[in-house]
Amino acid sequence: MNLSKHFSLQEMTKSQTAVRKGIPNNPTDEHIEAMKLVCEHILEPVREQYGIPFTPSSGYRSGELCIAIGSSVNSQHAKGEAADFEVPTISNMELAGYIAGKLDFDQLILENYSGGNTGWVHCSYKAKDNRKEVLTYQKGLGYRKGLIA
(Lines give C-alpha, C1' and ligand atoms only; values in the text may rest on other atoms or scores of the structure.)
Protein backbone atom coordinates (compact mmCIF):
# COMPACT_ATOMS: atom_id res chain seq x y z
CA MET A 1 0.00 0.00 0.00
CA ASN A 2 1.38 3.40 -0.99
CA LEU A 3 1.06 6.25 1.49
CA SER A 4 2.29 8.78 -1.08
CA LYS A 5 3.98 8.81 -4.49
CA HIS A 6 7.34 7.49 -3.26
CA PHE A 7 6.67 6.02 0.20
CA SER A 8 4.88 2.83 1.22
CA LEU A 9 3.24 1.51 4.35
CA GLN A 10 5.83 -1.27 4.40
CA GLU A 11 8.69 1.28 4.53
CA MET A 12 7.01 3.26 7.29
CA THR A 13 6.40 0.21 9.50
CA LYS A 14 9.56 -1.83 8.95
CA SER A 15 11.63 -2.62 12.01
CA GLN A 16 14.51 -5.04 12.37
CA THR A 17 13.90 -5.10 16.12
CA ALA A 18 10.25 -6.06 15.64
CA VAL A 19 11.21 -8.87 13.26
CA ARG A 20 14.04 -10.12 15.49
CA LYS A 21 11.88 -10.09 18.63
CA GLY A 22 8.61 -11.19 17.01
CA ILE A 23 6.85 -7.94 17.95
CA PRO A 24 3.80 -7.00 15.89
CA ASN A 25 4.07 -3.53 14.37
CA ASN A 26 0.62 -3.17 12.85
CA PRO A 27 -0.84 0.34 12.61
CA THR A 28 -4.53 1.18 12.89
CA ASP A 29 -6.36 3.17 10.22
CA GLU A 30 -5.77 6.29 12.33
CA HIS A 31 -2.02 5.63 12.36
CA ILE A 32 -2.05 5.07 8.60
CA GLU A 33 -3.77 8.43 8.03
CA ALA A 34 -1.14 10.12 10.22
CA MET A 35 1.67 8.42 8.27
CA LYS A 36 0.15 9.64 5.00
CA LEU A 37 0.42 13.20 6.29
CA VAL A 38 4.08 12.72 7.25
CA CYS A 39 4.80 11.31 3.80
CA GLU A 40 2.90 14.04 1.95
CA HIS A 41 4.09 17.04 3.98
CA ILE A 42 7.64 16.02 4.98
CA LEU A 43 9.09 13.08 3.04
CA GLU A 44 7.76 13.93 -0.44
CA PRO A 45 8.90 17.57 -0.34
CA VAL A 46 12.36 16.40 0.78
CA ARG A 47 12.46 13.86 -2.06
CA GLU A 48 11.39 16.57 -4.53
CA GLN A 49 13.96 19.06 -3.21
CA TYR A 50 16.94 16.72 -3.52
CA GLY A 51 15.76 14.30 -6.22
CA ILE A 52 17.44 11.44 -4.35
CA PRO A 53 15.56 8.27 -3.34
CA PHE A 54 15.72 7.44 0.37
CA THR A 55 13.94 5.19 2.83
CA PRO A 56 13.04 6.25 6.37
CA SER A 57 15.05 4.36 9.00
CA SER A 58 12.10 4.52 11.40
CA GLY A 59 8.45 5.45 11.06
CA TYR A 60 5.51 3.97 12.95
CA ARG A 61 6.28 1.99 16.12
CA SER A 62 3.71 -0.02 18.05
CA GLY A 63 3.61 0.47 21.83
CA GLU A 64 5.29 -2.87 22.36
CA LEU A 65 8.06 -1.95 19.91
CA CYS A 66 8.54 1.42 21.63
CA ILE A 67 9.10 -0.36 24.93
CA ALA A 68 11.50 -2.85 23.34
CA ILE A 69 13.76 -0.08 22.01
CA GLY A 70 13.52 2.13 25.09
CA SER A 71 11.25 4.76 23.53
CA SER A 72 8.07 6.24 24.99
CA VAL A 73 4.71 4.67 24.16
CA ASN A 74 3.53 8.29 23.83
CA SER A 75 6.12 9.21 21.20
CA GLN A 76 5.02 10.65 17.89
CA HIS A 77 6.36 7.49 16.24
CA ALA A 78 3.72 5.54 18.21
CA LYS A 79 1.05 7.84 16.76
CA GLY A 80 2.31 7.47 13.19
CA GLU A 81 3.24 11.16 13.18
CA ALA A 82 7.06 10.90 12.87
CA ALA A 83 9.86 9.54 10.74
CA ASP A 84 13.63 9.32 11.16
CA PHE A 85 15.58 9.57 7.92
CA GLU A 86 18.67 10.63 6.01
CA VAL A 87 19.17 11.49 2.35
CA PRO A 88 22.27 9.89 0.82
CA THR A 89 25.09 12.37 0.07
CA ILE A 90 23.27 15.25 1.84
CA SER A 91 24.55 16.57 5.16
CA ASN A 92 21.97 16.06 7.88
CA MET A 93 22.56 19.67 8.96
CA GLU A 94 21.68 20.83 5.43
CA LEU A 95 18.63 18.54 5.39
CA ALA A 96 17.41 19.82 8.77
CA GLY A 97 18.01 23.41 7.66
CA TYR A 98 15.94 22.88 4.52
CA ILE A 99 13.04 21.43 6.53
CA ALA A 100 13.24 24.18 9.17
CA GLY A 101 13.18 26.93 6.57
CA LYS A 102 10.75 25.57 3.99
CA LEU A 103 8.28 23.06 5.46
CA ASP A 104 5.51 23.00 8.04
CA PHE A 105 6.22 20.45 10.77
CA ASP A 106 5.53 19.77 14.41
CA GLN A 107 9.00 18.83 15.67
CA LEU A 108 12.35 18.67 13.90
CA ILE A 109 15.31 17.12 15.70
CA LEU A 110 18.84 16.90 14.34
CA GLU A 111 19.99 13.78 16.19
CA ASN A 112 23.58 12.78 16.99
CA TYR A 113 25.08 15.05 14.36
CA SER A 114 28.86 15.57 14.51
CA GLY A 115 29.57 16.88 11.03
CA GLY A 116 29.15 15.63 7.48
CA ASN A 117 26.52 12.97 7.08
CA THR A 118 26.49 11.73 10.68
CA GLY A 119 23.38 11.20 12.78
CA TRP A 120 19.89 11.49 11.34
CA VAL A 121 16.87 13.76 11.15
CA HIS A 122 13.67 13.16 13.11
CA CYS A 123 10.66 15.06 11.84
CA SER A 124 7.00 14.91 12.84
CA TYR A 125 3.83 16.35 11.37
CA LYS A 126 0.35 16.63 12.86
CA ALA A 127 -2.95 17.28 11.09
CA LYS A 128 -3.24 20.59 12.97
CA ASP A 129 -1.44 22.82 15.45
CA ASN A 130 2.12 22.08 14.34
CA ARG A 131 4.60 23.72 16.75
CA LYS A 132 7.59 24.15 14.38
CA GLU A 133 9.86 23.17 17.27
CA VAL A 134 13.51 22.81 16.22
CA LEU A 135 15.94 20.90 18.44
CA THR A 136 19.35 19.28 18.32
CA TYR A 137 20.01 16.14 20.34
CA GLN A 138 23.52 14.99 21.15
CA LYS A 139 24.38 12.12 23.45
CA GLY A 140 25.81 13.53 26.66
CA LEU A 141 24.39 17.00 26.00
CA GLY A 142 20.71 16.16 25.63
CA TYR A 143 18.21 18.35 23.78
CA ARG A 144 19.00 21.96 22.89
CA LYS A 145 16.90 24.48 20.98
CA GLY A 146 17.85 25.18 17.38
CA LEU A 147 20.17 23.44 14.94
CA ILE A 148 23.60 23.16 16.54
CA ALA A 149 26.68 21.68 14.89
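Hey, what number do you get for the chain at 222 nm if only DSSP H runs of n ≥ 4 count, each worth -39500 (n - 2.57), divided across all residues, to the nearest 500? Don't skip to the end; give the middle numbers.
Details: 6 runs with 46 residues, N = 149.
Helix contribution divided over all residues of the chain: -8000 deg cm²/dmol.
Taking θ = phi - 60°, what integer Hz values does the Karplus form 6.51 cos²θ - 1.76 cosθ + 1.60 yield along region 32-44, in sequence order, with x for Gly and Pro?
These are the phi-based 3J(HN,Hα) values: 4, 4, 5, 5, 4, 5, 4, 5, 6, 9, 10, 5, 5 Hz.
Return the loop-located trypsin sites (Lys or Arg not before Pro) in region 1-34 (DSSP other than H, G, I, E, B) with at most 12 other Cβ atoms within 10 Å of their own Cβ; answer none if there are none. Could you put the intermediate results ahead of the total?
Details: sites: 5, 14, 20, 21; in loops: 5, 14.
Answer in residue order: 5.
From the backbone phi of region 73-85, what are the Karplus-calculated ³J(HN,Hα) couplings (6.51 cos²θ - 1.76 cosθ + 1.60, θ = phi - 60°) in whole Hz, Gly and Pro given as x?
5, 9, 5, 5, 4, 5, 9, x, 9, 9, 9, 10, 7
Taking every DSSP beta bridge that has both residues in region 64-146, what percent is antiparallel when rounded to the nearest 5? Can you show the working numbers first?
On the way: 13 of 18 bridges.
About 70 percent, rounded to the nearest 5.
Mind checking region 50-133 for trypsin sites (Lys or Arg not before Pro) that DSSP puts in a loop (not H, G, I, E or B) and that have at most 10 other Cβ atoms within 10 Å?
On the way: sites: 61, 79, 102, 126, 128, 131, 132; in loops: 61, 79, 126, 128, 131, 132.
Answer by residue number: 128.
So, in Å, what gap is there between the alpha-carbon centers of region 93-149 and region 1-58?
What the calculation gives is 18 Å, centre to centre.
Taking a probe of 1.4 Å, how large is the accessible area per residue of the chain, in Å²? Working shown, then result.
Numbers: 7610 Å² over 149 residues.
Using a 1.4 Å probe on heavy atoms only, each residue of the chain averages 51 Å².
Given a Förster radius of 35 Å and the C-beta distance between residue 1 and residue 102 as r, what FRET efficiency does 1/(1 + (r/R0)^6) yield to the nearest 0.05? Numbers along the way, then the final one.
On the way: r = 28 Å, r/R0 = 0.80.
With a Förster radius of 35 Å, E is 0.80.
How many nm separate the modelled label positions at residue 148 and residue 67, each set 7 Å beyond the Cα in the direction of the Cβ?
Using points 7 Å along Cα→Cβ, the separation is 3.4 nm.
Give the relative contact order (percent, whole number) for the chain; include only Cα pairs under 8 Å separated by 6+ residues. Could the numbers behind the result be given before it?
Details: 292 pairs, mean separation 29.7, N = 149.
Value for the chain: 20 percent.
Please list, in order along region 127-133, the HN-Hα scalar couplings obtained from phi with the Karplus expression 6.51 cos²θ - 1.76 cosθ + 1.60 (θ = phi - 60°), rounded to whole Hz, x for Gly and Pro.
4, 8, 6, 5, 7, 6, 7
Report, ordered by chain and residue number, the lysines lying within cross-link reach of residue 126, taken as a straight Cα distance under 19 Å and ignoring same-chain residues fewer than 8 apart.
Excluding near neighbours in sequence, the set is 36, 79, 102.
Just 96, 34, 18 to compare: in a GNM of the chain, with alpha carbon springs under 10 Å, which one fluctuates most?
The residue that fluctuates most here is 18.
Give me, ordered by chain and number, the residues 5 or more places off residue 130 or on other chains with an amide H under 5 Å from its own placed amide H.
The answer is none.
The values are calculated or read from the model by the stated rules, or taken from the named source; none is laboratory data. If you're wondering where the values come from, they're calculated on a predicted model, not measured in any experiment. For neighbour counting, all protein chains shown are included, and Cβ atoms are generated from backbone atoms with ideal geometry for every residue, glycine included. Heads up: the accessible areas ignore ligands, DNA and RNA and are worked out on the full protein's heavy atoms, side chains in. Shrake-Rupley method; radii C 1.70, N 1.55, O 1.52, S 1.80 Å.
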